Amino acid sequence: MTTDEQVVRDVDEREARETAEAARETVWERPSFAKQLYLGDFQLSLIHPHPRAAVDDAVRGEEFLGRLAEYCATLDGLLIEREARVPDEYLRGFAELGVFGLKIPLEYGGLGLSMAYYGRALMLIGSVHPTLGALVSAHQSIGVPEPVKQFGTDEQKQQFLPRCAAGAVTAFLLTEPDVGSDPARMASTATPTEDGEAYLLDGVKLWTTNGVIAELVVVMARVPKRDGERGGITAFVVEADSPGITVENRNAFMGLRGIENGVTRFHQVRVPAANRLGREGDGLRIALTTLNTGRLSIPALCAAAGKWCLKIAREWSAERVQWGRPVGKHGAVAEKLSFMAATTFALEAVLELSAQLADAGSKDIRIEAALAKLWSSEMAWKVADELVQIRGGRGYETADSLAARGERAVPAEQILRDLRINRIFEGSTEIMHLLIAREAVDAHLAAAGDLASVDADLRAKARAAVKAGGFYAKWLPQLAVGKGTVPTSYSEFGPLANHLRYVERASRRLARQTFYGMSRWQAKLEYRQGFLARIVDIGAELFVMAACCSRAEMLRTDDPAQGDSAYELAGVFCEQARLRVDRLFDQLWSNTDDSDRRIADQLLDGRYDWLEAGVLDQSEGTGPWIAGWQPGESKAPNQSRRYR
């Protein structure tokens, strides 16, 4: 390849699908509450009684949270917003506290916190400024510590984990200018040296969160297939100051001002073979497995945002008087406050349940973590949007502007900007729908066999139909009745029992609707993305309803006074969620999906170009939609920096 050739790896739809499918975990060795929920089997015993932290974990966790809260109170989030940079002294303070080793085991110099206390720590850190939460989570959840802890050799753990715990910031490098959620297009390469002692990395990685200040990075690159080796996408731990690495740009965004996110180029970067994580070709599986628990960092930051938004909304709505009454007493605002309070309770409930399930280790939480990320990122954004609306013009005004004219510096518009990325981070909402749907319909695909294959011939489909008939003949009758139809079921939950009965009935209804979709579209089901998204969203709401009920009962057991108020919040949340679920069920079969696809196709074909007349597009001529890159040495100055 010559240096003036643009690197683009074209793949067809089949290769893209096969690459993603090969990286999936296909074995379910432990039970999953969410998986069973989608199959119409509401197994409340998998999440209730609510799992709790081990005593030792709780003692260490609470002690650390006390020290962390004290330090965070000395930090100025508005300074980060104003200067679009996290001061080095803040990072040094985090390093001294052990923040960069939150989940790293004690034996490697870390704090060894559980997922539950890690989540609470992120809530505190993110409440100072969401950029800090993004920095810590990118390092701790998907950066070097987690994949090395899960997949590294003993030597790799000894080599890298103590450095990370001591403050070496790390990053995770997967995305490329032409590669987002479709890893089959990955063009970065790792070519083995002739002696087999190292690999030479070449490529460009985009949106490398922490990449500007990272000391160590996890890089995904494609190793060529050769005699005796399968090659494929492979993970490497790379020293960020290695010759041939250049941070070519420090990116700026709508929100998260201060984030150290860049474009990183690799040119003939020599990486010892000993730094490879797992086998060649295991990189994508390592990435996806890491994200199973890593995604829980986003619900933590969303829960923190919900709590802050609720506090501001409550205080402002009691203080601001219009038409002779506090605005919170007016029905239109009261409705928003109720939604914010109930949803904030739910945000914390889904975080706590998912994290405690992860800590217990007895359940497979890949779907639960994905649902928590999907649901929390969408709902926290709505909570922040309601805060801006309640604050009115002050919600749209910046904190510095408010302070300049003598009012409380409330960064409501900032939290809205900062939260927006969570609907894209670590899998956009649209991609999460597809990922979760793939897991939710897994049993149906297994039962359908060649019926769900676009490549199978008629004879294969006929055989598959017989097999599927046997599966569904046993499975469908089980969805006819359940505890949700028995008025006394779940009576130990008092006023919440009615909502749990609804969840049980809706779970069976959801499974039946999924079957109807599978029967109707068979192999073409994957193209009915509107249908699949609604299936996923129904399951998400049911999962969160169950989490709220379980948490409310736990809180009532621990403290009856707080438990009574928790029951009230859980009850209101379930009422609101039921309305959303009922609408989603209606929209499964009554929607505009076909019209939408037809209009979109015609729009892309240029049929409606006339609709765009009358405006100017000043972005025209400023550059291509997707920046190309060519292999070779960087021609840009290195933007990399270190805080220590």
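The values are calculated or read from the model by the stated rules, or taken from the named source; none is laboratory data. Note that the structure is a prediction, hence the values are computed from the model and not measured. Every residue, glycine among them, receives a Cβ derived from its backbone with ideal geometry; neighbour counts consider all protein chains shown. Areas reflect the complete protein model, heavy atoms only, side chains present, ligands, DNA and RNA absent. Shrake-Rupley method; radii C 1.70, N 1.55, O 1.52, S 1.80 Å.
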DSSP-defined beta bridges in region 147-229 - what % are antiparallel, rounded to 5: 55 percent
Per-residue HN-Hα couplings for region 136-153 [Karplus 6.51, -1.76, 1.60; θ = phi - 60°; Hz; x = Gly/Pro]: 5, 6, 4, 6, 8, 8, 10, x, 4, x, 5, x, 5, 4, 7, 10, x, 6
Accessible-area value, Arg92, 1.4 Å probe, nucleic acids and ligands omitted, Å²: 100 Å²
Glu176 long-range amide H proximity, modeled H, under 5 Å: Leu206
At most 11 other Cβ within 10 Å, DSSP loop - GluC sites (Glu not before Pro), region 598-644: Glu620, Glu633
Carbon + sulfur, % of accessible area of region 509-644 - ligands and nucleic acids excluded, 1.4 Å: 50 percent
Relative contact order, percent, region 223-378 [alpha-carbon distance under 8 Å, six or more residues apart]: 22 percent
Selection of trypsin sites (Lys or Arg not before Pro), region 181-259, meeting DSSP coil and at most 15 other Cβ within 10 Å: Lys225, Arg230
For region 336-409: relative contact order, % (alpha-carbon pairs under 8 angstrom, 6 or more apart): 24 percent
In sequence order, calculated HN-Hα J values of region 208-216 (Karplus, 6.51, -1.76, 1.60; Hz; x Gly/Pro): 7, 4, 6, x, 5, 10, 6, 9, 9
With DNA, RNA and ligands ignored, accessible area of Tyr527 (1.4 Å probe; Å², nearest 10): 100 Å²
Amide H contacts of Ser640 (H built 1.01 Å from N, under 5 Å, at least 5 apart or other chain): Val247
Inter-centroid distance (Cα atoms) of region 359-418 relative to region 174-190, Å: 31 Å
Options (i) 25.7; (ii) 26.4; (iii) 32.1 - which one matches Kirkwood radius over Cα pairs in Å as calculated here: (ii)
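Per the helix-only calculation at 222 nm, which mean residue ellipticity applies to the chain, given -39500 (n - 2.57) for every DSSP H run of n ≥ 4 and division by its residues, nearest 500 deg cm²/dmol?
Calculated from helices alone, the mean residue ellipticity at 222 nm is -17500 deg cm²/dmol.
In terms of solvent-accessible area of protein heavy atoms at a 1.4 angstrom probe, what is the ranking of Ser565, Ser137, highest value first? Mind showing how you got there, number by number?
Values: Ser565 50, Ser137 10 Å².
Largest to smallest exposure gives the sequence Ser565, Ser137.
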Inter-part distance where region 585-621 and region 528-584 are each reduced to a Cα centre, Å: 35 Å
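Leaving ligands and nucleic acids out of the surface, order Val350, Val333 by accessible area at 1.4 Å, largest first.
Heavy-atom accessible area, descending, gives Val333, Val350.
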Accessible solvent surface per residue of region 113-167, calculated while the other protein chains remain in place, 1.4 angstrom probe, Å²: 25 Å²
Whole-number percent relative contact order across the chain, with pairs defined as alpha carbons under 8 Å at least 6 apart: 17 percent
Given charges at Cβ of Lys, Arg, Asp, Glu: region 221-349 dipole, positive-most of Thr290, Leu277, Phe266: Thr290
Pairwise centroid distance, computed over Cα atoms, of region 104-159 with region 248-278, Å: 18 Å
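Nearest-5 percent of antiparallel DSSP beta bridges in the chain? Don't skip to the answer; put the middle values down first.
On the way: 32 of 38 bridges.
Taking every DSSP beta bridge with both residues in the chain, the antiparallel ones total about 85 percent.
Rounded, prolate or oblate, given the Cα gyration tensor of region 539-644, with a/c below 1.5 counting as rounded?
Numbers: a/c = 3.62, a/b = 1.50, b/c = 2.41.
Since a/c reaches 1.5 but b/c is at least a/b, the shape of region 539-644 is classed as oblate.
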HN-Hα J in Hz across region 603-620 - Karplus 6.51, -1.76, 1.60, θ = phi - 60°, x for Gly and Pro: 4, 5, 7, x, 5, 10, 4, 4, 5, 8, 5, x, 10, 10, 10, 7, 7, 4
Distant-in-sequence amide H partners of Tyr199 (H built 1.01 Å from N, under 5 Å): Thr193, Val271, Ala273
Accessible surface, 1.4 Å probe, highest first, among residues Phe42, Phe236: Phe42, Phe236
